[in-house]
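Beneath this line is the structure, given in structure tokens, with notes to follow.
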Amino acid sequence: MATQFKLIFTTCKDQSEAKNIATALVAKKLAACVNILPNVTSIYIWDGEIAESAEVKLLIKTKTEKVNEVFLTLKEMHSYEVPEIQVVDVVTGNLAYFNWMDEVLS
């Protein structure tokens, strides 16, 4: 059962930025819920060097039709030059939860 819902991943530099972005997305009804996962260690290549950063991960739950607005809000509010924004299709799940998301995001 395919759904009309998406899960968007991003990372933030700290808890404060994560809370600001999460609150804005929920207040604008662009996300039904945003989980903030603290203490994520990211190892990546930046400017040709291996870098390591302590970050905060956001799991943004939204509907397909809101993805572009979520992108715009993330790019506008994010402090990173190149923020992580990855979208995952939600294939199946708890119908009651999806009904709640649909209600909240309407």
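For this structure, a couple of remarks:
- Most fluctuating residue given options ILE43, ILE60, ILE85, as computed from a GNM of the chain linking Cα atoms under 10 Å: ILE43
- Gaussian network model of the chain, springs between alpha carbon atoms under 10 Å - residue of ASN39, ASN68, ASN94 with greatest fluctuation: ASN94
- Convex hull of Cα atoms in the stretch 1-47, direction-averaged projection (nm²): 5.1
- Helix axis angle, 15-27 relative to the chain longest principal axis, alpha carbon, degrees: 20
- For the chain, modelled as a GNM whose springs connect Cα atoms under 10 angstrom apart, the maximal fluctuation among GLU84, GLU55, GLU76 occurs at GLU76.
- Phi angles of the stretch 39-54 translate, via the Karplus equation with coefficients 6.51, -1.76, 1.60 and θ = phi - 60°, into HN-Hα couplings of 6, 9, 9, 10, 10, 7, 9, 9, 6, x, 10, 6, 10, 9, 9, 7 Hz per residue; Gly and Pro are given as x.
- The count of lysine pairs in the stretch 28-106 that are at least 8 places apart or cross chains, and whose C-alpha atoms lie under 14 Å apart, stands at 6.
- Candidates ASN94, LEU72, LEU30 compared by Cα position along the dipole of the stretch 5-104: farthest toward the positive end lies ASN94, with charges placed on Cβ.
- By the helix-only formula, in which each DSSP H run with n ≥ 4 contributes -39500 (n - 2.57) and the sum is divided by residues, the chain has a 222 nm mean residue ellipticity of -10000 deg cm²/dmol.
Every number in this text was worked out from the coordinates using simple rules, so none of it is lab data. All values derive from a computational prediction rather than experimental measurement. When we count neighbours, we look across all protein chains shown, and the Cβ atoms used for this are built from the backbone with ideal geometry, even at glycine.
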